[in-house]
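> One structure, as structure tokens, below. Some questions next.
The values are calculated or read from the model by the stated rules, or taken from the named source; none is laboratory data. Nothing here was measured: the structure is a model prediction, and the numbers come from that model. Positions of Cβ are generated from backbone atoms using ideal geometry, with glycine treated the same way; all protein chains shown enter the neighbour counts. Side chains are part of the model used for accessible areas, which takes the heavy atoms of the whole protein and leaves out ligands, DNA and RNA. Shrake-Rupley method; radii C 1.70, N 1.55, O 1.52, S 1.80 Å.
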Amino acid sequence: MGLREGAVEGLGLDRSIWSGRRVLLTGHTGFKGGWLALWLATLGAEVTGFSRSPSTAPSLFELGRVGDDVRTVEGDVRDFESVRRAVDAASPDVVLHLAAQPLVRLSYEEPVATYDINVMGTANVLEAARLAASPLQSVVVVTSDKCYLNPERDKPFVEGDPLGGHDPYSSSKAGAELVSAAYRDSYEMPIATGRAGNVIGGGDFSPDRLVPDAMRAVAAGEPLRVRNPDAIRPWQHVLCSLHGYLLLAQRAERGPWNFGPDVDEARPVRWVAERLGVEWKSDPGDHPHEAHFLKLDSTKAHTQLGWSPRWDLERGLDATAEWYAAHREGRDVRQVLLGQIEAYGGS
Ligand SMILES: NC(=O)c1ccc[n+]([C@@H]2O[C@H](COP(=O)([O-])OP(=O)(O)OC[C@H]3O[C@@H](n4cnc5c(N)ncnc54)[C@H](O)[C@@H]3O)[C@@H](O)[C@H]2O)c1
């Protein structure tokens, strides 16, 4: 399932490093993890996925036949012994930790479970990595742009800004950052954290996210109900942030890294809905607080990692629309996904 010559080298990814490399990927039954699992497989990595079973139906895991290329271990990151067994069995060179409770609104309803999964789950993964029989070459923990203390000012966040988070999800990601920093510094482990913003792409079926909500509204023939049409988010295609995580792992980087779109590409929710061609209406109801202004400064990733988003928002939205159209038409979306990974490397 390799990619054509040149499709990854232009991204700074080295097939000879990834080929045969043992990777433990948590969260591979989810949206970002499904894309990353298949990208790793195209690079020749031997991937073991550790996750709970897919939480949506349909799911990218099923539709993309992710299980064909990844050895799946079903388990819960809250259960240290099962994480440890998975690490022992996979004997990984690299750990990519994406498993999480990733939804802000659900975190208001289930704050303790959110902290348990996102903070203690991260501690369990890092502890199992610390105790691994052979030392790991790299660990990448995926957190979020929401990990920052957000005074809603008109200034993009840099990695040195204070951590915070108003809601349980955001503060749990700040907690995951603190746990990662402590393991990195106390045990000299090669741990990097990736802080990306909202991503879009085919295969996301989660509740309470703009693109899946828009696709469900289209299927139901109803207008999309938008909570905060003027909220500005640093949208980018899922492949942009995954590219960043892969570079961090390949280069065994340490510390926090922002991966956002170019600063003038942050757009209001209404703009994205209109660009997707979806009819929408405002749903002002009584909604929990959500931060209105989130912009990331990714200068560190640009200058030190050679990373930049290869697709702008328009290109990312086109790819997303293409994927969901293929799904509606009953086409093989795994092939669409693999084609988009290849196109991303070639663009
Ligand atoms: N999607 C975004 O816009 C976005 C933005 C910033 C950061 N992130 C982060 O990226 C990561 C992946 O997000 P996603 O959008 O793919 O979410 P998702 O809900 O699609 O996938 C979450 C994955 O975590 C697994 N998981 C959840 N709880 C678990 C548990 N207790 N034990 C084991 N596995 C568990 C699920 O089974 C699934 O595989 C998360 O860490 C999320 O916080 C996502």
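> Which members of the stretch 225-242 meet the condition of being modelled with pLDDT under 95, out of contact with any Leu (no Cβ under 6 Å at 6 or more places or on another chain) and not basic (Lys, Arg)?
Selection gives 226, 228, 229, 230, 231, 232, 236.
> Determine whether the stretch 243-261 contains at least one residue that is of a type outside the set (A, V, I, L, M, F, W, C), within 9 Å of the ligand (Cβ to nearest atom) and either at pLDDT 95 or above or closer than 24 Å to residue 318 by Cβ (or both). Show your work before the answer.
Of the residues in the stretch 243-261, the ones of a type outside the set (A, V, I, L, M, F, W, C) are 243-245, 250-251, 253-256, 258, 260-261.
Next, from what is left, pick out any that are within 9 Å of the ligand (Cβ to nearest atom): none.
No, every residue in the stretch 243-261 fails to be of a type outside the set (A, V, I, L, M, F, W, C), within 9 Å of the ligand (Cβ to nearest atom) and either at pLDDT 95 or above or closer than 24 Å to residue 318 by Cβ (or both).
> I'd like the full set of residues that are open to solvent by less than 70 Å² (accessible area, probe 1.4 Å) and over 15 Å from residue 297 (Cβ atoms), limited to the stretch 256-271.
Applying the first criterion (open to solvent by less than 70 Å² (accessible area, probe 1.4 Å)) to the stretch 256-271 yields 256-261, 263, 265-269, 271.
Answer for the stretch 256-271, where residues must be open to solvent by less than 70 Å² (accessible area, probe 1.4 Å) and over 15 Å from residue 297 (Cβ atoms): 267, 268, 269, 271.
Per-residue answers, yes or no, for (1) in a loop (DSSP other than H, G, I, E, B); (2) touching a residue at least 60 places away in the same chain (Cβ under 8 Å):
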{"residue": "186", "(1), (2)": "no, no"}
{"residue": "219", "(1), (2)": "no, yes"}
{"residue": "240", "(1), (2)": "no, yes"}
{"residue": "252", "(1), (2)": "yes, yes"}
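> Taking residue 198 as the residue in question, decide whether it is modelled with pLDDT under 95, among the polar types (S, T, N, Q) and within 12 Å of the ligand (Cβ to nearest atom). If you could, list the steps in order and put the result at the bottom.
Values: modelled with pLDDT under 95: yes; among the polar types (S, T, N, Q): yes; within 12 Å of the ligand (Cβ to nearest atom): yes.
Yes: the conditions hold for residue 198.
> Given the conditions (1) open to solvent by less than 20 Å² (accessible area, probe 1.4 Å); (2) small (Gly, Ala, Ser); (3) closer than 24 Å to residue 138 by Cβ, which single one is not true for residue 107?
Unmet for residue 107, out of (1) open to solvent by less than 20 Å² (accessible area, probe 1.4 Å); (2) small (Gly, Ala, Ser); (3) closer than 24 Å to residue 138 by Cβ: (3).
> Please indicate, with yes or no, whether at least one residue in the stretch 272-290 is assigned to a strand (DSSP E or B) and not polar (S, T, N, Q).
The answer is yes, given that some residue of the stretch 272-290 is assigned to a strand (DSSP E or B) and not polar (S, T, N, Q).
> Starting from residues that are closer than 10 Å to residue 195 by Cα and open to solvent by less than 30 Å² (accessible area, probe 1.4 Å), keep the ones in the stretch 144-158 and report whichever is nearest to the ligand (Cβ to nearest atom). Walk me through how you get there before you give the answer.
Pass one, the stretch 144-158, residues closer than 10 Å to residue 195 by Cα: 144-148.
Narrowing further to those that are open to solvent by less than 30 Å² (accessible area, probe 1.4 Å): 144-145, 147-148.
Working: 144: 4, 145: 7, 147: 9, 148: 12 Å.
Applying the filter and picking the extreme gives 144.
> OK, next. Among 141, 119, which is the only one that is surrounded by 18 or more Cβ atoms within 10 Å (Cβ to Cβ), among the β-branched types (Val, Ile, Thr), at pLDDT 95 or above and more than 17 Å from residue 23 (Cα to Cα)?
Numbers: 141 fails: more than 17 Å from residue 23 (Cα to Cα).
Being surrounded by 18 or more Cβ atoms within 10 Å (Cβ to Cβ), among the β-branched types (Val, Ile, Thr), at pLDDT 95 or above and more than 17 Å from residue 23 (Cα to Cα) holds for just one of 141, 119, which is 119.
> Would you point out the residue of the stretch 28-60, among those that are of a type outside the set (Gly, Ala, Ser), buried (at least 24 other Cβ atoms within 10 Å of the Cβ) and over 18 Å from residue 241 (Cα atoms), that is farthest from the ligand (Cβ to nearest atom)?
For the stretch 28-60, the residue satisfying everything is 47.
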